[in-house]
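Worksheet: the structure to be examined is printed underneath.
The values are calculated or read from the model by the stated rules, or taken from the named source; none is laboratory data. Given the structure is predicted, the values throughout are model-derived calculations rather than measurements. Here the Cβ positions follow ideal geometry from the backbone for every residue, glycine too, while neighbour counts run over all protein chains shown. The protein model used for the area step is the full one, side chains on, heavy atoms only, and it has no ligands, DNA or RNA in it. Shrake-Rupley method; radii C 1.70, N 1.55, O 1.52, S 1.80 Å.
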Amino acid sequence: MRAGSGRAETWRRRPPALLRVARSRPALTSPPALPAPFWTLTAGGAGAGPPQPRRGRAAAAASIRRHRRPPPPPAPRRPPRPRLPFRPTRRGRYRQHNMAGAGGGNDIQWCFSQVKGAVDDDVAEADIISTVEFNHSGELLATGDKGGRVVIFQQEQENKTQSHSRGEYNVYSTFQSHEPEFDYLKSLEIEEKINKIRWLPQKNAAQFLLSTNDKTIKLWKISERDKRPEGYNLKEEDGRYRDPTTVTTLRVPVFRPMDLMVEASPRRIFANAHTYHINSISINSDYETYLSADDLRINLWHLEITDRSFNIVDIKPANMEELTEVITAAEFHPNSCSTFVYSSSKGTIRLCDMRASALCDRHSKLFEEPEDPSNRSFFSEIISSISDVKFSHSGRYMMTRDYLSVKIWDLNMENRPVETYQVHEYLRSKLCSLYENDCIFDKFECCWNGSDSIVMTGSYNNFFRMFDRNTKRDITLEASRENNKPRTVLKPRKVCASGKRKKDEISVDSLDFNKKILHTAWHPKENIIAVATTNNLYIFQDKMN
(Lines give C-alpha, C1' and ligand atoms only; values in the text may rest on other atoms or scores of the structure.)
Protein backbone atom coordinates (compact mmCIF):
# COMPACT_ATOMS: atom_id res chain seq x y z
CA MET A 1 0.00 0.00 0.00
CA ARG A 2 1.36 3.41 -0.94
CA ALA A 3 1.65 6.20 1.60
CA GLY A 4 -0.97 8.31 -0.11
CA SER A 5 -3.58 5.55 -0.20
CA GLY A 6 -2.85 4.58 3.41
CA ARG A 7 -3.39 8.13 4.59
CA ALA A 8 -6.69 8.31 2.79
CA GLU A 9 -7.74 5.03 4.40
CA THR A 10 -6.83 6.44 7.82
CA TRP A 11 -8.92 9.62 7.32
CA ARG A 12 -11.93 7.56 6.24
CA ARG A 13 -11.98 5.81 9.61
CA ARG A 14 -12.23 9.07 11.53
CA PRO A 15 -15.61 10.44 12.69
CA PRO A 16 -17.05 13.30 10.69
CA ALA A 17 -16.57 15.77 13.58
CA LEU A 18 -12.87 14.99 13.81
CA LEU A 19 -12.60 15.14 10.06
CA ARG A 20 -13.92 18.70 10.05
CA VAL A 21 -11.44 19.71 12.77
CA ALA A 22 -8.56 18.06 10.95
CA ARG A 23 -9.39 19.80 7.70
CA SER A 24 -9.43 23.15 9.45
CA ARG A 25 -5.86 22.72 10.73
CA PRO A 26 -2.90 23.92 8.67
CA ALA A 27 -1.10 21.33 6.52
CA LEU A 28 1.72 19.39 8.18
CA THR A 29 5.20 19.25 6.74
CA SER A 30 5.27 15.50 7.25
CA PRO A 31 2.38 13.03 7.21
CA PRO A 32 0.99 12.21 10.66
CA ALA A 33 1.88 8.95 12.30
CA LEU A 34 -0.46 6.17 11.30
CA PRO A 35 -2.43 4.51 14.09
CA ALA A 36 -1.51 0.98 15.07
CA PRO A 37 -3.15 -1.71 12.93
CA PHE A 38 -6.04 -3.60 14.36
CA TRP A 39 -4.01 -6.73 15.02
CA THR A 40 -2.02 -4.93 17.72
CA LEU A 41 -5.20 -4.75 19.82
CA THR A 42 -5.64 -8.53 20.10
CA ALA A 43 -4.96 -10.63 23.16
CA GLY A 44 -1.28 -10.68 22.39
CA GLY A 45 -0.92 -6.91 23.16
CA ALA A 46 0.91 -4.30 21.20
CA GLY A 47 3.92 -6.47 20.53
CA ALA A 48 2.09 -9.58 19.45
CA GLY A 49 2.64 -8.88 15.79
CA PRO A 50 0.47 -9.91 12.89
CA PRO A 51 -1.75 -12.99 13.21
CA GLN A 52 -0.16 -16.33 12.52
CA PRO A 53 -1.30 -18.25 9.46
CA ARG A 54 -2.41 -21.23 11.47
CA ARG A 55 -5.20 -19.34 13.26
CA GLY A 56 -7.37 -19.58 10.24
CA ARG A 57 -9.52 -17.17 8.38
CA ALA A 58 -12.59 -17.52 10.68
CA ALA A 59 -10.60 -16.76 13.86
CA ALA A 60 -9.12 -13.62 12.30
CA ALA A 61 -12.57 -12.39 11.28
CA ALA A 62 -13.91 -12.95 14.81
CA SER A 63 -10.99 -11.00 16.25
CA ILE A 64 -11.69 -8.14 13.86
CA ARG A 65 -15.36 -8.04 14.87
CA ARG A 66 -14.49 -7.99 18.59
CA HIS A 67 -12.04 -5.09 18.34
CA ARG A 68 -13.56 -3.01 15.56
CA ARG A 69 -14.22 0.58 16.54
CA PRO A 70 -17.91 1.48 16.92
CA PRO A 71 -19.32 3.64 14.13
CA PRO A 72 -19.40 7.37 14.92
CA PRO A 73 -22.78 8.83 15.92
CA PRO A 74 -24.65 10.56 13.09
CA ALA A 75 -24.06 14.25 12.87
CA PRO A 76 -27.08 16.32 13.96
CA ARG A 77 -29.14 17.66 11.09
CA ARG A 78 -29.18 21.40 10.71
CA PRO A 79 -32.66 22.85 11.08
CA PRO A 80 -34.16 24.24 7.88
CA ARG A 81 -33.62 27.92 7.34
CA PRO A 82 -36.79 29.96 7.91
CA ARG A 83 -38.36 31.32 4.80
CA LEU A 84 -38.02 35.07 4.76
CA PRO A 85 -40.76 37.27 3.34
CA PHE A 86 -38.11 38.90 1.17
CA ARG A 87 -35.63 36.82 -0.84
CA PRO A 88 -32.20 38.22 -1.86
CA THR A 89 -31.43 38.11 -5.55
CA ARG A 90 -28.09 38.04 -7.38
CA ARG A 91 -28.09 41.79 -7.86
CA GLY A 92 -28.35 42.42 -4.13
CA ARG A 93 -31.97 43.53 -4.24
CA TYR A 94 -34.83 41.90 -2.41
CA ARG A 95 -37.79 40.36 -4.08
CA GLN A 96 -40.97 39.68 -2.15
CA HIS A 97 -42.50 36.23 -2.20
CA ASN A 98 -45.77 35.79 -3.97
CA MET A 99 -48.27 35.97 -1.10
CA ALA A 100 -51.42 36.17 -3.17
CA GLY A 101 -52.15 32.49 -2.76
CA ALA A 102 -51.74 32.48 0.99
CA GLY A 103 -54.79 31.76 3.05
CA GLY A 104 -54.66 35.04 4.93
CA GLY A 105 -52.92 35.74 8.20
CA ASN A 106 -51.09 32.72 9.57
CA ASP A 107 -52.43 30.72 6.61
CA ILE A 108 -56.03 31.03 7.76
CA GLN A 109 -58.60 29.58 5.38
CA TRP A 110 -61.69 31.74 5.46
CA CYS A 111 -65.09 30.13 4.98
CA PHE A 112 -68.50 31.53 4.27
CA SER A 113 -70.78 31.47 7.31
CA GLN A 114 -73.84 33.69 6.82
CA VAL A 115 -75.30 36.52 4.83
CA LYS A 116 -77.99 38.90 6.05
CA GLY A 117 -80.19 41.09 3.90
CA ALA A 118 -82.38 40.94 0.85
CA VAL A 119 -81.25 39.54 -2.49
CA ASP A 120 -83.05 42.15 -4.59
CA ASP A 121 -80.95 44.10 -7.05
CA ASP A 122 -83.13 47.17 -6.52
CA VAL A 123 -81.76 48.38 -3.17
CA ALA A 124 -83.65 51.00 -1.20
CA GLU A 125 -81.58 53.89 0.07
CA ALA A 126 -82.74 53.32 3.65
CA ASP A 127 -81.44 49.71 3.62
CA ILE A 128 -77.82 50.61 2.90
CA ILE A 129 -75.63 49.62 5.85
CA SER A 130 -73.63 52.53 7.23
CA THR A 131 -71.78 51.01 10.23
CA VAL A 132 -70.85 47.63 11.74
CA GLU A 133 -69.58 46.97 15.27
CA PHE A 134 -68.96 43.96 17.55
CA ASN A 135 -69.39 44.36 21.29
CA HIS A 136 -66.49 43.69 23.68
CA SER A 137 -67.25 39.97 24.03
CA GLY A 138 -68.14 39.39 20.39
CA GLU A 139 -71.48 37.87 21.35
CA LEU A 140 -73.45 40.76 19.85
CA LEU A 141 -73.02 42.40 16.45
CA ALA A 142 -74.74 45.70 15.71
CA THR A 143 -75.36 47.33 12.34
CA GLY A 144 -76.82 50.72 11.49
CA ASP A 145 -78.30 51.81 8.18
CA LYS A 146 -79.26 54.98 6.37
CA GLY A 147 -82.86 54.57 7.50
CA GLY A 148 -81.90 55.23 11.12
CA ARG A 149 -82.42 51.63 12.22
CA VAL A 150 -80.13 49.58 14.44
CA VAL A 151 -80.19 45.80 14.03
CA ILE A 152 -78.44 43.67 16.68
CA PHE A 153 -77.47 40.07 16.01
CA GLN A 154 -76.69 37.60 18.78
CA GLN A 155 -74.45 34.56 18.53
CA GLU A 156 -76.31 31.36 19.31
CA GLN A 157 -75.33 29.70 22.58
CA GLU A 158 -75.86 26.01 21.85
CA ASN A 159 -72.92 25.67 19.45
CA LYS A 160 -70.34 27.41 21.60
CA THR A 161 -69.39 24.20 23.40
CA GLN A 162 -68.71 22.34 20.15
CA SER A 163 -65.10 22.43 19.12
CA HIS A 164 -65.64 22.22 15.36
CA SER A 165 -68.40 24.79 14.88
CA ARG A 166 -69.46 28.20 16.09
CA GLY A 167 -72.89 29.56 16.75
CA GLU A 168 -74.58 31.56 14.03
CA TYR A 169 -75.65 35.16 14.46
CA ASN A 170 -79.42 35.66 14.47
CA VAL A 171 -81.52 38.77 14.91
CA TYR A 172 -81.65 39.74 18.57
CA SER A 173 -83.28 43.18 18.46
CA THR A 174 -84.27 45.82 15.92
CA PHE A 175 -85.24 49.38 16.79
CA GLN A 176 -85.51 52.81 15.23
CA SER A 177 -82.65 54.85 16.65
CA HIS A 178 -83.04 58.16 14.81
CA GLU A 179 -85.77 59.90 12.85
CA PRO A 180 -85.38 62.50 10.11
CA GLU A 181 -85.45 66.05 11.47
CA PHE A 182 -85.45 69.56 10.14
CA ASP A 183 -83.48 72.50 11.50
CA TYR A 184 -85.79 75.48 11.01
CA LEU A 185 -83.19 78.06 12.00
CA LYS A 186 -80.77 76.94 9.30
CA SER A 187 -83.34 75.45 6.91
CA LEU A 188 -81.34 72.25 7.02
CA GLU A 189 -82.66 68.70 6.80
CA ILE A 190 -81.02 66.29 9.24
CA GLU A 191 -80.78 62.74 7.93
CA GLU A 192 -81.59 59.75 10.08
CA LYS A 193 -78.54 57.85 8.84
CA ILE A 194 -76.55 56.10 11.60
CA ASN A 195 -72.94 57.27 11.29
CA LYS A 196 -71.34 55.33 14.17
CA ILE A 197 -72.18 52.74 16.83
CA ARG A 198 -70.03 52.15 19.88
CA TRP A 199 -70.65 49.54 22.59
CA LEU A 200 -70.06 50.15 26.27
CA PRO A 201 -68.55 47.34 28.39
CA GLN A 202 -71.24 45.24 30.02
CA LYS A 203 -71.68 45.96 33.75
CA ASN A 204 -74.93 44.10 34.45
CA ALA A 205 -77.52 42.03 32.65
CA ALA A 206 -78.28 44.87 30.23
CA GLN A 207 -76.21 46.09 27.30
CA PHE A 208 -75.57 49.75 26.43
CA LEU A 209 -74.52 51.34 23.15
CA LEU A 210 -74.08 54.79 21.67
CA SER A 211 -75.47 55.61 18.24
CA THR A 212 -75.24 58.88 16.37
CA ASN A 213 -76.47 60.55 13.23
CA ASP A 214 -75.19 63.88 11.93
CA LYS A 215 -76.34 65.91 14.96
CA THR A 216 -77.66 63.81 17.85
CA ILE A 217 -76.07 61.07 19.96
CA LYS A 218 -78.22 58.61 21.89
CA LEU A 219 -77.39 56.14 24.65
CA TRP A 220 -79.51 52.98 24.31
CA LYS A 221 -80.19 50.29 26.86
CA ILE A 222 -80.89 46.81 25.51
CA SER A 223 -82.42 44.53 28.14
CA GLU A 224 -84.30 41.24 28.27
CA ARG A 225 -87.59 40.55 29.99
CA ASP A 226 -88.99 37.06 30.46
CA LYS A 227 -91.37 37.70 33.41
CA ARG A 228 -94.36 39.94 33.88
CA PRO A 229 -96.03 41.10 37.12
CA GLU A 230 -99.57 39.97 37.90
CA GLY A 231 -101.98 40.50 40.79
CA TYR A 232 -102.25 44.29 41.01
CA ASN A 233 -104.66 45.71 43.56
CA LEU A 234 -105.62 48.89 41.70
CA LYS A 235 -105.33 47.59 38.15
CA GLU A 236 -107.20 45.00 36.16
CA GLU A 237 -105.41 42.33 34.16
CA ASP A 238 -106.14 44.22 30.92
CA GLY A 239 -104.58 47.39 32.33
CA ARG A 240 -107.69 49.34 33.34
CA TYR A 241 -107.65 50.99 36.74
CA ARG A 242 -110.09 49.83 39.41
CA ASP A 243 -112.19 51.97 41.72
CA PRO A 244 -110.33 52.05 45.04
CA THR A 245 -113.64 51.82 46.93
CA THR A 246 -114.26 48.39 45.45
CA VAL A 247 -111.02 46.95 46.77
CA THR A 248 -111.86 44.77 49.79
CA THR A 249 -108.78 42.55 49.93
CA LEU A 250 -105.13 43.07 49.31
CA ARG A 251 -103.09 40.85 47.02
CA VAL A 252 -99.34 40.44 46.75
CA PRO A 253 -98.22 40.86 43.12
CA VAL A 254 -96.23 37.98 41.68
CA PHE A 255 -94.06 37.50 38.56
CA ARG A 256 -95.21 35.04 35.93
CA PRO A 257 -93.00 33.65 33.15
CA MET A 258 -93.54 34.95 29.65
CA ASP A 259 -91.91 34.74 26.22
CA LEU A 260 -88.54 36.43 26.04
CA MET A 261 -88.82 40.04 24.92
CA VAL A 262 -85.87 42.31 24.14
CA GLU A 263 -86.45 45.96 24.86
CA ALA A 264 -84.42 48.90 23.56
CA SER A 265 -84.99 52.14 25.43
CA PRO A 266 -83.15 55.47 25.09
CA ARG A 267 -81.52 56.42 28.39
CA ARG A 268 -79.72 59.61 27.37
CA ILE A 269 -79.97 61.99 24.41
CA PHE A 270 -76.99 64.25 23.71
CA ALA A 271 -78.08 66.97 21.30
CA ASN A 272 -77.46 70.56 20.18
CA ALA A 273 -73.67 70.47 20.62
CA HIS A 274 -72.42 70.14 17.04
CA THR A 275 -72.77 72.70 14.29
CA TYR A 276 -71.31 70.40 11.67
CA HIS A 277 -71.83 66.73 10.87
CA ILE A 278 -70.63 64.22 13.44
CA ASN A 279 -68.17 61.73 11.94
CA SER A 280 -66.79 59.92 15.02
CA ILE A 281 -67.60 58.91 18.57
CA SER A 282 -65.20 57.12 20.89
CA ILE A 283 -65.64 55.89 24.45
CA ASN A 284 -62.90 56.66 26.92
CA SER A 285 -61.07 53.95 28.84
CA ASP A 286 -62.54 55.30 32.10
CA TYR A 287 -65.99 54.31 30.72
CA GLU A 288 -67.46 57.52 32.10
CA THR A 289 -66.74 59.95 29.26
CA TYR A 290 -66.65 59.86 25.49
CA LEU A 291 -65.77 62.21 22.66
CA SER A 292 -67.68 63.19 19.55
CA ALA A 293 -66.04 64.83 16.54
CA ASP A 294 -67.43 66.79 13.65
CA ASP A 295 -65.65 68.52 10.78
CA LEU A 296 -64.13 71.31 12.89
CA ARG A 297 -64.62 70.52 16.58
CA ILE A 298 -64.25 67.72 19.12
CA ASN A 299 -66.40 67.67 22.26
CA LEU A 300 -65.97 65.73 25.49
CA TRP A 301 -69.11 64.34 27.13
CA HIS A 302 -69.97 62.64 30.39
CA LEU A 303 -72.33 59.71 29.98
CA GLU A 304 -74.56 60.98 32.80
CA ILE A 305 -74.77 64.63 31.70
CA THR A 306 -76.70 65.56 28.58
CA ASP A 307 -77.09 69.33 28.78
CA ARG A 308 -73.43 70.33 28.43
CA SER A 309 -70.14 69.18 26.96
CA PHE A 310 -66.59 70.50 26.88
CA ASN A 311 -64.99 71.62 23.65
CA ILE A 312 -61.45 70.20 23.58
CA VAL A 313 -60.47 70.82 19.93
CA ASP A 314 -61.56 73.69 17.70
CA ILE A 315 -59.81 74.20 14.36
CA LYS A 316 -62.38 76.59 12.90
CA PRO A 317 -60.57 79.68 11.57
CA ALA A 318 -61.88 83.18 12.17
CA ASN A 319 -62.39 83.52 8.43
CA MET A 320 -63.88 80.41 6.82
CA GLU A 321 -62.15 81.29 3.55
CA GLU A 322 -58.89 80.41 5.28
CA LEU A 323 -60.07 76.88 6.03
CA THR A 324 -57.55 74.38 4.67
CA GLU A 325 -58.43 71.10 6.42
CA VAL A 326 -61.18 69.37 8.35
CA ILE A 327 -61.31 66.66 11.01
CA THR A 328 -62.09 63.24 9.51
CA ALA A 329 -61.87 60.84 12.49
CA ALA A 330 -61.03 60.78 16.20
CA GLU A 331 -60.46 58.08 18.80
CA PHE A 332 -59.45 57.71 22.44
CA HIS A 333 -56.39 55.72 23.44
CA PRO A 334 -57.46 52.26 24.71
CA ASN A 335 -55.43 52.53 27.95
CA SER A 336 -54.62 56.17 28.64
CA CYS A 337 -57.79 58.09 29.45
CA SER A 338 -56.19 61.49 28.79
CA THR A 339 -54.83 60.73 25.31
CA PHE A 340 -56.68 60.84 22.01
CA VAL A 341 -55.88 61.31 18.33
CA TYR A 342 -57.67 62.92 15.43
CA SER A 343 -56.93 62.81 11.72
CA SER A 344 -57.38 65.45 9.07
CA SER A 345 -58.10 65.72 5.39
CA LYS A 346 -54.45 66.64 4.79
CA GLY A 347 -53.25 63.19 5.83
CA THR A 348 -51.91 64.23 9.25
CA ILE A 349 -52.66 62.69 12.64
CA ARG A 350 -52.43 64.73 15.82
CA LEU A 351 -52.04 63.17 19.25
CA CYS A 352 -53.31 65.30 22.14
CA ASP A 353 -52.99 65.01 25.91
CA MET A 354 -55.75 66.60 27.98
CA ARG A 355 -53.40 66.82 30.96
CA ALA A 356 -51.34 69.45 29.16
CA SER A 357 -54.21 71.82 28.40
CA ALA A 358 -57.97 71.93 28.64
CA LEU A 359 -58.16 73.10 25.02
CA CYS A 360 -56.06 70.74 22.90
CA ASP A 361 -55.63 72.98 19.88
CA ARG A 362 -51.89 72.53 20.33
CA HIS A 363 -51.07 68.89 19.77
CA SER A 364 -48.46 66.85 21.62
CA LYS A 365 -47.36 64.87 18.56
CA LEU A 366 -47.86 65.24 14.84
CA PHE A 367 -47.70 62.14 12.66
CA GLU A 368 -47.07 62.97 9.02
CA GLU A 369 -45.29 61.21 6.19
CA PRO A 370 -43.39 63.44 3.76
CA GLU A 371 -44.90 63.36 0.30
CA ASP A 372 -43.05 61.72 -2.56
CA PRO A 373 -42.56 64.42 -5.23
CA SER A 374 -42.66 61.83 -7.99
CA ASN A 375 -46.26 60.90 -7.08
CA ARG A 376 -47.48 64.48 -6.86
CA SER A 377 -50.63 65.07 -8.92
CA PHE A 378 -53.92 66.91 -8.92
CA PHE A 379 -55.47 64.17 -6.78
CA SER A 380 -52.69 63.96 -4.18
CA GLU A 381 -54.51 65.93 -1.50
CA ILE A 382 -57.77 64.04 -2.04
CA ILE A 383 -56.28 60.55 -1.82
CA SER A 384 -54.11 61.48 1.18
CA SER A 385 -57.17 62.34 3.27
CA ILE A 386 -57.49 59.88 6.16
CA SER A 387 -60.89 58.23 6.40
CA ASP A 388 -60.35 56.15 9.55
CA VAL A 389 -57.95 55.88 12.48
CA LYS A 390 -57.80 53.00 14.95
CA PHE A 391 -55.55 52.27 17.92
CA SER A 392 -54.27 48.75 18.33
CA HIS A 393 -55.58 46.82 21.33
CA SER A 394 -52.17 47.12 22.99
CA GLY A 395 -52.11 50.89 22.50
CA ARG A 396 -48.61 50.85 21.02
CA TYR A 397 -49.60 51.28 17.37
CA MET A 398 -52.09 53.26 15.36
CA MET A 399 -53.60 52.39 11.99
CA THR A 400 -54.82 54.90 9.43
CA ARG A 401 -56.63 54.40 6.15
CA ASP A 402 -56.40 56.71 3.21
CA TYR A 403 -57.81 56.11 -0.23
CA LEU A 404 -55.09 53.83 -1.58
CA SER A 405 -53.27 52.42 1.45
CA VAL A 406 -53.25 51.37 5.10
CA LYS A 407 -50.46 52.67 7.31
CA ILE A 408 -49.29 51.47 10.72
CA TRP A 409 -47.72 54.10 12.98
CA ASP A 410 -45.63 53.59 16.09
CA LEU A 411 -46.62 56.17 18.68
CA ASN A 412 -42.93 56.70 19.42
CA MET A 413 -42.03 57.61 15.81
CA GLU A 414 -43.73 60.54 14.16
CA ASN A 415 -41.82 61.13 10.92
CA ARG A 416 -43.04 58.09 8.97
CA PRO A 417 -45.16 54.94 9.38
CA VAL A 418 -43.46 51.69 10.30
CA GLU A 419 -45.59 49.71 7.86
CA THR A 420 -47.43 50.63 4.67
CA TYR A 421 -49.79 48.30 2.82
CA GLN A 422 -51.14 49.12 -0.64
CA VAL A 423 -54.83 48.27 -0.81
CA HIS A 424 -55.62 48.94 -4.46
CA GLU A 425 -52.61 50.62 -6.03
CA TYR A 426 -53.91 49.51 -9.43
CA LEU A 427 -56.50 52.31 -9.19
CA ARG A 428 -53.89 55.06 -9.36
CA SER A 429 -54.24 55.16 -13.12
CA LYS A 430 -58.04 55.41 -12.76
CA LEU A 431 -58.17 58.44 -10.45
CA CYS A 432 -59.58 60.72 -13.13
CA SER A 433 -62.64 58.53 -13.75
CA LEU A 434 -63.01 57.91 -10.01
CA TYR A 435 -63.07 61.66 -9.49
CA GLU A 436 -65.80 62.09 -12.08
CA ASN A 437 -68.09 59.51 -10.49
CA ASP A 438 -67.25 60.74 -6.92
CA CYS A 439 -65.85 57.37 -5.86
CA ILE A 440 -62.59 59.05 -4.95
CA PHE A 441 -64.38 60.53 -1.92
CA ASP A 442 -65.43 57.16 -0.49
CA LYS A 443 -64.52 56.67 3.16
CA PHE A 444 -63.13 53.19 3.82
CA GLU A 445 -62.80 51.91 7.36
CA CYS A 446 -60.21 49.49 8.75
CA CYS A 447 -59.95 47.17 11.74
CA TRP A 448 -57.50 45.03 13.74
CA ASN A 449 -57.82 41.42 14.69
CA GLY A 450 -57.81 40.46 18.37
CA SER A 451 -54.02 40.02 18.58
CA ASP A 452 -53.11 43.09 16.46
CA SER A 453 -51.26 40.85 14.00
CA ILE A 454 -53.63 41.24 11.01
CA VAL A 455 -55.39 44.29 9.63
CA MET A 456 -58.40 44.30 7.33
CA THR A 457 -60.03 46.89 5.11
CA GLY A 458 -62.43 47.04 2.18
CA SER A 459 -62.16 47.79 -1.52
CA TYR A 460 -64.29 47.87 -4.67
CA ASN A 461 -66.06 45.02 -6.46
CA ASN A 462 -67.01 43.70 -2.98
CA PHE A 463 -63.37 42.86 -2.36
CA PHE A 464 -61.74 43.12 1.05
CA ARG A 465 -58.06 42.91 1.86
CA MET A 466 -56.13 41.35 4.77
CA PHE A 467 -52.50 42.04 5.64
CA ASP A 468 -50.47 39.87 8.01
CA ARG A 469 -47.98 42.06 9.85
CA ASN A 470 -45.73 39.15 10.87
CA THR A 471 -45.34 37.28 7.59
CA LYS A 472 -46.02 40.30 5.32
CA ARG A 473 -48.54 38.24 3.42
CA ASP A 474 -51.71 39.72 1.98
CA ILE A 475 -54.84 38.28 0.47
CA THR A 476 -57.83 39.58 -1.46
CA LEU A 477 -61.21 37.96 -0.83
CA GLU A 478 -64.67 38.62 -2.23
CA ALA A 479 -68.03 38.85 -0.49
CA SER A 480 -70.37 37.23 -3.00
CA ARG A 481 -73.55 35.19 -2.92
CA GLU A 482 -72.00 32.75 -5.37
CA ASN A 483 -70.19 31.13 -2.47
CA ASN A 484 -73.13 31.12 -0.07
CA LYS A 485 -72.89 27.51 1.04
CA PRO A 486 -71.83 27.15 4.67
CA ARG A 487 -68.15 26.34 5.22
CA THR A 488 -67.29 27.05 1.58
CA VAL A 489 -63.64 28.10 1.44
CA LEU A 490 -63.12 31.52 -0.13
CA LYS A 491 -60.77 31.60 -3.06
CA PRO A 492 -58.18 34.39 -3.24
CA ARG A 493 -58.86 36.93 -5.96
CA LYS A 494 -56.31 38.78 -8.08
CA VAL A 495 -56.62 41.99 -10.05
CA CYS A 496 -54.64 42.45 -13.24
CA ALA A 497 -53.57 46.08 -13.57
CA SER A 498 -52.10 45.86 -17.07
CA GLY A 499 -50.66 43.47 -19.56
CA LYS A 500 -51.86 39.98 -20.32
CA ARG A 501 -54.52 38.76 -17.92
CA LYS A 502 -54.33 35.24 -16.52
CA LYS A 503 -57.26 32.91 -16.27
CA ASP A 504 -58.05 33.49 -12.59
CA GLU A 505 -57.38 37.25 -12.62
CA ILE A 506 -59.82 40.12 -12.95
CA SER A 507 -59.10 43.10 -15.14
CA VAL A 508 -59.10 46.47 -13.41
CA ASP A 509 -61.40 47.76 -16.16
CA SER A 510 -64.09 45.23 -15.22
CA LEU A 511 -64.31 46.22 -11.54
CA ASP A 512 -67.74 47.34 -10.37
CA PHE A 513 -67.30 50.56 -8.41
CA ASN A 514 -70.91 50.52 -7.28
CA LYS A 515 -70.12 47.43 -5.23
CA LYS A 516 -67.88 48.47 -2.38
CA ILE A 517 -67.07 47.39 1.16
CA LEU A 518 -66.69 50.48 3.32
CA HIS A 519 -67.41 48.98 6.76
CA THR A 520 -65.69 45.98 8.33
CA ALA A 521 -65.46 44.51 11.84
CA TRP A 522 -63.39 41.74 13.45
CA HIS A 523 -64.50 39.60 16.39
CA PRO A 524 -62.39 40.65 19.42
CA LYS A 525 -61.54 37.07 20.44
CA GLU A 526 -62.08 34.76 17.46
CA ASN A 527 -61.43 34.67 13.74
CA ILE A 528 -64.90 35.85 12.79
CA ILE A 529 -65.29 38.88 10.53
CA ALA A 530 -68.27 40.90 9.38
CA VAL A 531 -68.19 42.94 6.18
CA ALA A 532 -70.99 45.14 4.88
CA THR A 533 -71.73 45.39 1.20
CA THR A 534 -74.45 47.72 0.00
CA ASN A 535 -77.40 46.21 1.89
CA ASN A 536 -76.00 42.82 2.89
CA LEU A 537 -73.98 41.77 5.90
CA TYR A 538 -71.56 38.90 5.26
CA ILE A 539 -70.09 36.90 8.12
CA PHE A 540 -67.01 34.75 7.53
CA GLN A 541 -64.99 32.56 9.86
CA ASP A 542 -61.81 30.54 9.69
CA LYS A 543 -61.99 26.91 8.67
CA MET A 544 -61.91 24.69 11.76
CA ASN A 545 -60.46 21.23 11.19
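At 1.4 Å probe size, what's the solvent-accessible area of VAL254? Round to the nearest 10 Å².
60 Å²
Using a 1.4 Å probe and ignoring any ligands, DNA or RNA, find the accessible area of HIS277 and quote it in Å² to the nearest 10.
Using a 1.4 Å probe on the heavy atoms, I get roughly 90 Å².
Pull out a ≥ b ≥ c, the square roots of the eigenvalues of the alpha-carbon gyration tensor of the stretch 375-486, then state rounded if a/c is under 1.5, prolate if not and a/b is larger than b/c, and oblate in the remaining case.
oblate
In nm, to one decimal, how far is the GLU368 label point from the ASP353 one, both placed 7 Å along Cα→Cβ?
Those two pseudo-labels are separated by 2.1 nm.
What residues qualify as long-range amide H neighbours of ILE506, i.e. H under 5 Å apart, gap of 5 or more or another chain, H built at 1.01 Å from N?
LYS494, VAL495, CYS496
Among rounded, prolate and oblate, which fits the stretch 153-272 when a ≥ b ≥ c are the square roots of the eigenvalues of its C-alpha gyration tensor, a/c under 1.5 means rounded, and a/b larger than b/c means prolate?
Oblate.
Taking amide H positions as placed in the peptide plane 1.01 Å from N, state which residues far from SER280 in sequence (5 or more) or on other chains have amide H under 5 Å from it.
Here the answer is ALA293, since their amide H atoms fall under 5 Å of that of SER280.
Net charge around ASN536, counting only other residues with Cβ within less than 9 Å of its Cβ (Lys, Arg = +1; Asp, Glu = -1)?
Taking every other residue near ASN536 into account, the sum is +2.
Within 11 Å, Cβ to Cβ, of PHE391, how many net charges do the neighbouring residues add up to if Lys/Arg are +1 and Asp/Glu are -1?
0
Please report how far the C-alpha centroid of the stretch 435-476 lies from that of the stretch 202-229, rounded to the nearest whole angstrom.
What the calculation gives is 31 Å, centre to centre.
Give the accessible area for PHE513 in Å² (nearest 10); use a 1.4 Å probe, count only protein heavy atoms, and leave out ligands, DNA and RNA.
Approximately 40 Å² of PHE513 is accessible to the 1.4 Å probe.
Zone of GLN109 (label point 7 Å along Cα→Cβ, backbone N under 15 Å): which residues in the stretch 516-545?
Under cut-off, by backbone N: 541-545.
Among residues other than GLN114 whose Cβ falls under 14 Å from its Cβ, what is the net charge (Lys/Arg +1, Asp/Glu -1)?
That sum, taken over residues with Cβ under 14 Å, equals +3.
Probe radius 1.4 Å, ligands and nucleic acids left out: which of TYR397, TYR403, TYR241, TYR172 has the largest accessible area, and how do the rest follow?
TYR241, TYR397, TYR172, TYR403
Name the long-range amide H neighbours of CYS360: under 5 Å, sequence gap of 5 or more, or other chain; modelled H, no Pro or chain starts.
VAL313
Probe radius 1.4 Å, ligands and nucleic acids left out: which of SER405, SER394 has the largest accessible area, and how do the rest follow?
Result, largest first: SER394, SER405.
With respect to the cross-link table entries LYS186/LYS515; LYS365/LYS516; LYS196/LYS390; LYS494/LYS515; LYS218/LYS407, which display a Cα-Cα separation exceeding 24 Å?
Distance filter (> 24 Å) returns LYS186/LYS515; LYS365/LYS516; LYS218/LYS407.
With a 1.4 Å probe and all protein chains in place, put LYS196, LYS503, LYS485 in order of accessible area, largest first.
Largest accessible area first, the list is LYS503, LYS485, LYS196.
Explain nothing, just compute: Karplus ³J(HN,Hα) = 6.51 cos²θ - 1.76 cosθ + 1.60, θ = phi - 60°, for every residue of the stretch 419-432 in order, whole Hz, x for Gly and Pro.
Whole-Hz 3J(HN,Hα) from phi for the stretch 419-432: 9, 9, 10, 7, 7, 9, 5, 5, 8, 4, 7, 10, 4, 5.
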